[in-house]
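Quick notes on the structure that follows.
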Amino acid sequence: MLENSVFIGGGGEDYGTPQGLRLDYANRHGLVAGATGTGKTVTLQILAEGFSAAGVPVFLSDVKGDLSGLAAAGSETFKLHDAFTSRAEKIGFDSYSYDAFPVTFWDLLGEQGHPVRTTVAEMGPLLLARLMELSEAQEGILNIAFRLADEEGLPLLDLKDLQALLVWLGENRTELSLRYGNISVSSIGAIQRRLLVLENQGGSNLFGEPALELSDIMATDADGRGRINILAADKLMGSPRLYATFLLWLLSELFEELPEVGDPDKPRLVFFFDEAHLLFDDAPKALIDKVEQVARLIRSKGVGVYFITQNPADVPEDILGQLGNRVQHALRAFTAKDRRALKLAAETYRENPRFSTEEAIREVGVGEAVTSMLERKGIPGVVERTLIRPPSSQLGPLDTALRRKHIATSPIAGKYEALLDRESAYEILKKRAEEAAAEAARVEEQEDEMPMAQREFNAARRYSGARVSRSSSRNTLRVKADDTYGEALTKMVVKELSGTTGRRIVRGILGGLFKGR
Ligand SMILES: Nc1ncnc2c1ncn2[C@@H]1O[C@H](COP(=O)(O)OP(=O)(O)OP(=O)(O)O)[C@@H](O)[C@H]1O
Ligand SMILES: [Mg+2]
């Protein structure tokens, strides 16, 4: 219908002029906006269909579960069949037919799709801090924890690893504070509590291995059509932070992993970010800057990012300015605030002499939109009133049994289903603790064989004065011990003290880990 474009609908006087989104500018990002019930989800559906048909893989989140219908063809017995065909006629969409698309289902919870995981290390301290809503001070400590994990060779895979590392950090905080600055117990405690909250929100499902391989979402099927990756997000929306942070992680991962391709003929992947306001709601400036930066740079990796939101005002200006392809469904104009937002939204378009953009945004019907796509040289086209094309795939959710079948027979079935728990920070620290415990037990046994006088002395030593780090404690003790009991005794004292330290570590790690479980 349109060469090298995704057909989106008909514009012009009688909706008869085909409107398309050029594939070579599809990596210049986009926006789908509009009040509830105005047609955003169907627009997302037809865009996904169009990209897939053009061989471009798509990633999208399914917030209400109604996009799973992409996996099935529409039907002539469907109640909207007549509405769809007459709409197709009106816009001159002669080749309109029903069709199913290659879909891969994903689910952070592993119920409605293949599990999708990443590791704590890959998520990184910045996003984790955001995920756990940490304060600046707490984020600082998380940064130290990550650095230490690196230095100590402790892989951070799942939340258990992070938990164990925090306990270890707490245990050694006196020494570590000298090196890294103050590490307060209360901050560590606060992070641990946030970690529990994250676990309760389903965060433990997200972290672990096997971690998602990007090639699995950038796949095409045997016919060369792009796979449409659908992330089940209905339950996930109950934890908006988790949802937004996960998508942001996926974006930054794409950005970091993919090679530069400049401006390709068509994108390598198109990424739809539904309920995008969740990403920006009370986000710190640093995070918005990062999103802005990722959006700007990911273009040259051939990834197009499309934000879907009710009101374009939800998207920070710097980011909005980068969204070249726009489908603006109707906006409400009930309150003065609504009208200001509408006016602002209208001002960002190239005026069409045929109509007022502001009025059009207020008036367009359901499944109709004010559109502006990038044209030659990447210049935004004049605004059009476009009747969006009807979908070829099924409108509304896929039947549950069919969905199960899809997941079971997908090309990656079985690859991610079983959780892998290889040796990482938790296991390593636990092993260290067990070794220390064994050593402590050995020393204790020896202690039992000691004469009474020496045992009393040892017991007294335990409570005398400030703790000193192990290396310096030997010297201090030796001097003092020499004054009183002599060389032989000193050796015992030093051993005993090492034993105490050992026990202290054990209590710390195991006690901290099992508390609250
Ligand atoms: N392009 C279209 N072709 C045919 N029908 C459409 C189209 N767009 C919307 N509709 C009709 O309008 C209904 C509502 O559209 P849609 O679900 O996309 O709205 P929405 O903006 O996503 O709403 P919400 O904010 O509630 O999710 C659809 O179920 C469909 O019946
Ligand atoms: Mg919707």
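Brief remarks follow.
- Residue count for the range 412-431, restricted to those that are under 24 Å from the mean Cα position of the chain (by Cα) and assigned to a helix (DSSP H, G or I): 2
Yes or no, residue by residue, for (1) touching a residue at least 60 places away in the same chain (Cβ under 8 Å); (2) surrounded by 18 or more Cβ atoms within 10 Å (Cβ to Cβ); (3) out of contact with any Pro (no Cβ under 7 Å at 6 or more places or on another chain); (4) more than 30 Å from A145 (Cβ to Cβ):
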{"position": "I412", "(1), (2), (3), (4)": "yes, no, yes, yes"}
{"position": "D421", "(1), (2), (3), (4)": "yes, no, yes, no"}
{"position": "E435", "(1), (2), (3), (4)": "no, no, yes, no"}
{"position": "A441", "(1), (2), (3), (4)": "no, no, yes, no"}
{"position": "E444", "(1), (2), (3), (4)": "no, no, yes, yes"}
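- Answer from T77, T85, T104, T119 - the residue that is of a type in the set (S, T, Y) and under 13 Å from the mean Cα position of the chain (by Cα): T119
- Across the range 30-48, the qualifying residues are those that are touching a helix residue (DSSP H, G or I) at 6+ places or on another chain (Cβ under 7 Å) and either farther than 13 Å from I8 by Cα or of a type in the set (D, E, K, R) (or both), and the one among them that is farthest from ligand 2 (Cβ to nearest atom) is L31.
- Among the criteria (1) within 16 Å of ligand 2 (Cβ to nearest atom); (2) over 23 Å from Q322 (Cβ atoms), the one Y15 does not fulfil is (1).
- Scope the range 99-148; condition among the β-branched types (V, I, T) and farther than 30 Å from K405 by Cα; matching residues: V120, I141, I144
- Scanning the range 390-410 for residues that are of a type in the set (K, R) and either surrounded by 14 or more Cβ atoms within 10 Å (Cβ to Cβ) or in contact with a Cys (Cβ under 7 Å, 6 or more places away or on another chain) (or both) yields a count of 1.
- Residues of the range 140-170 classified as of a type in the set (D, E) and surrounded by 21 or more Cβ atoms within 10 Å (Cβ to Cβ), total: 2
- Of the residues screened, L198 is one that is hydrophobic (A, V, I, L, M, F, W, C), assigned to a helix (DSSP H, G or I) and surrounded by 17 or more Cβ atoms within 10 Å (Cβ to Cβ).
- Residues of the range 84-133 that turn out to be surrounded by fewer than 22 Cβ atoms within 10 Å (Cβ to Cβ), over 30 Å from A190 (Cα atoms) and of a type in the set (V, I, T), as a count: 1
- Selection within the range 276-318 - closer than 20 Å to E253 by Cβ and in contact with a strand residue (DSSP E or B) (Cβ under 8 Å, 6 or more places away or on another chain): A276, L279, A295, I298, G302, V303, G304, V305, Y306, F307
- Of all residues in the range 65-83, those being within 16 Å of ligand 2 (Cβ to nearest atom) and surrounded by 21 or more Cβ atoms within 10 Å (Cβ to Cβ) number 4.
- Residue within the range 57-64 that is within 16 Å of ligand 2 (Cβ to nearest atom) and among the charged types (D, E, K, R) present: yes
Results for (1) over 22 Å from the mean Cα position of the chain (by Cα); (2) within 21 Å of R117 (Cβ to Cβ); (3) charged (D, E, K, R), shown as yes or no for each residue.
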{"site": "Q163", "(1), (2), (3)": "no, yes, no"}
{"site": "L169", "(1), (2), (3)": "yes, no, no"}
{"site": "S186", "(1), (2), (3)": "yes, no, no"}
{"site": "A190", "(1), (2), (3)": "yes, no, no"}
{"site": "L195", "(1), (2), (3)": "no, yes, no"}
{"site": "E199", "(1), (2), (3)": "no, yes, yes"}
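Read-outs throughout are calculated quantities, based only on the coordinates presented, and are distinct from any laboratory measurement. If you're wondering where the values come from, they're calculated on a predicted model, not measured in any experiment. Because the Cβ atoms are built from the backbone with ideal geometry, glycine has one as well, and the counts that use them run over all protein chains shown.
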